[in-house]
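Report on one structure; see the data block that follows.
The values are calculated or read from the model by the stated rules, or taken from the named source; none is laboratory data. Since the model is a prediction, treat every value here as computed from it, not as a measurement. Neighbour counts are summed over all protein chains in view; Cβ atoms, including those assigned to glycine, are modelled from backbone coordinates with ideal geometry.
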Amino acid sequence: MTHPDLQALTLAVLETAKRAGAFIRQELHQFSQSDIITKEPHSLVTYVDRKAEEIIVQGLRPLLEDAGFVTEENTVDQNRKSIYTWVIDPLDGTTNFIHRIPVFAVSIGLLEKGKPVLGVISHIMAEEHFYAWEGGGAWLNGNPIQVSKNRNIGESVIATGFPYRREHIEELVATLDKLIREARGIRRLGSAAIDLAYTACGRFDGYYEGSINAWDVAAGIVLVREAGGIVTGLHGEPEPTFLGHILACNPHLHPGLSNLVGRQ
Ligand code: IPD
Ligand code: CA
Ligand code: CA
């Protein structure tokens, strides 16, 4: 397989993300309570997540022959064996969507031999499209973005998320307890993709989460790295896509933050 032009590919992926986003936006006031299915306690899904995933898969298939797919809603065969793998969360922030809180996103990442090299995150209701490709920088609606320059945790705003499973709440609360004392502010938006996009453009100084899936973070990892940030596992592991936990922040804050969140 010849090496794809990542910039051209990113712009094509962006069009697919926008198409799926338009569908999700159109359905926001159409779905009813009877469309909501409980996947597991606290984790919900609707036909909107599934249909959006189908739109995305259909858009991506012709872009890269032989690429595999890892997708949250399983509407396509799951396969990580190819050199390239699309990693897709068609609707990140489903609980927000169901409650009609306008904070949810389409998240599409591309891995090359397991490493994220392209990421597109569309914050649908804000009409903010974040995208990045390896070596090409990180962008928001055509403008370059960078992580914050803040060196001080006491002046920083840190985002996090809480898992649907409630088994290890004590550790999570212990970490939050430390951070609430140290940081300027803590935010929980309900969309890991938007948390990472906001970290990439410096609105958040950092983001961490202790229980997360590859489709939540693959695109955002590229965005934060290309925006000058550091992305690791909670204990500094270098490649967190499939690790299940993540810390993303500006380079100045990484040592201090990994000390604070590392034992989660
Ligand atoms: C969830 C959101 C949330 C995060 C959860 C994710 P979903 O994804 O990103 O912010 O805290 O860990 O599962 O279910 O809305 O796609
Ligand atoms: Ca998600
Ligand atoms: Ca989702």
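Some notes on this structure:
- Hits in the range 244-260 (condition: surrounded by fewer than 24 Cβ atoms within 10 Å (Cβ to Cβ) and under 17 Å from PRO163 (Cβ atoms)): GLY244, HIS245
- Residue count for the range 27-52 satisfying the condition of being within 15 Å of ILE124 (Cα to Cα) and either in contact with a helix residue (DSSP H, G or I) (Cβ under 9 Å, 6 or more places away or on another chain) or among the basic types (Lys, Arg) (or both): 5.
- Filter pass, GLY21 being closer than 19 Å to ILE194 by Cβ and modelled with pLDDT of 95 or more: yes
- Within the option set ILE98, ILE88, ILE83, being within 13 Å of ligand 1 (Cβ to nearest atom) and under 26 Å from GLY136 (Cβ atoms) holds for one residue only, ILE88.
- Members of the range 124-146 found to be part of a strand (DSSP E or B) and buried (at least 24 other Cβ atoms within 10 Å of the Cβ), listed by number: PHE130, TYR131, ALA132, TRP133, ALA138
- A search for C-beta distances below 6 Å between a residue of the range 206-227 that is under 15 Å from GLY136 (Cα atoms) and any residue that is among the polar types (S, T, N, Q) and assigned to a loop (DSSP other than H, G, I, E, B), counting only pairs 6+ apart in sequence or on different chains, returns ALA227/GLN146.
- Enumeration of residues in the range 68-109 that are among the β-branched types (Val, Ile, Thr) and in a strand (DSSP E or B): VAL70, THR71, THR85, VAL87, ILE88, VAL106, ILE108
- A single member of GLY233, GLY190, GLY206 is within 16 Å of ligand 3 (Cβ to nearest atom) and either crowded, with 18+ Cβ neighbours inside 10 Å or among the polar types (S, T, N, Q) (or both), and it is GLY190.
- Subset of the range 169-198 [over 24 Å from VAL103 (Cα atoms) and either among the acidic types (Asp, Glu) or within 13 Å of ligand 1 (Cβ to nearest atom) (or both)]: GLU170, GLU171, ASP177, GLU182
- Screening the range 172-264 for strands (runs of 3 or more DSSP E) wholly inside it with 3 or more residues that are of a type in the set (S, T, N, Q) and in the same structural domain as GLU73 (by TED's automatic domain parsing) returns no ranges.
- The set of residues in the range 15-32 that are of a type in the set (A, V, I, L, M) and either surrounded by fewer than 17 Cβ atoms within 10 Å (Cβ to Cβ) or not assigned by TED's automatic domain parsing to the domain that holds THR94 (or both) comprises ALA22, LEU28.
- Output for the range 41-64, where each listed residue is away from ligand 2 (no atom under 16 Å from the Cβ), part of a loop (DSSP other than H, G, I, E, B) and touching a strand residue (DSSP E or B) at 6+ places or on another chain (Cβ under 9 Å): LEU64
- The lone criterion from (1) within 14 Å of ligand 3 (Cβ to nearest atom); (2) over 21 Å from VAL231 (Cα atoms); (3) touching a residue at least 24 places away in the same chain (Cβ under 8 Å) left unmet by ASN74 is number (3).
- Residue match in the range 26-35 (condition: within 18 Å of the chain's Cα centre (by Cα), assigned to a helix (DSSP H, G or I) and among the polar types (S, T, N, Q)): no
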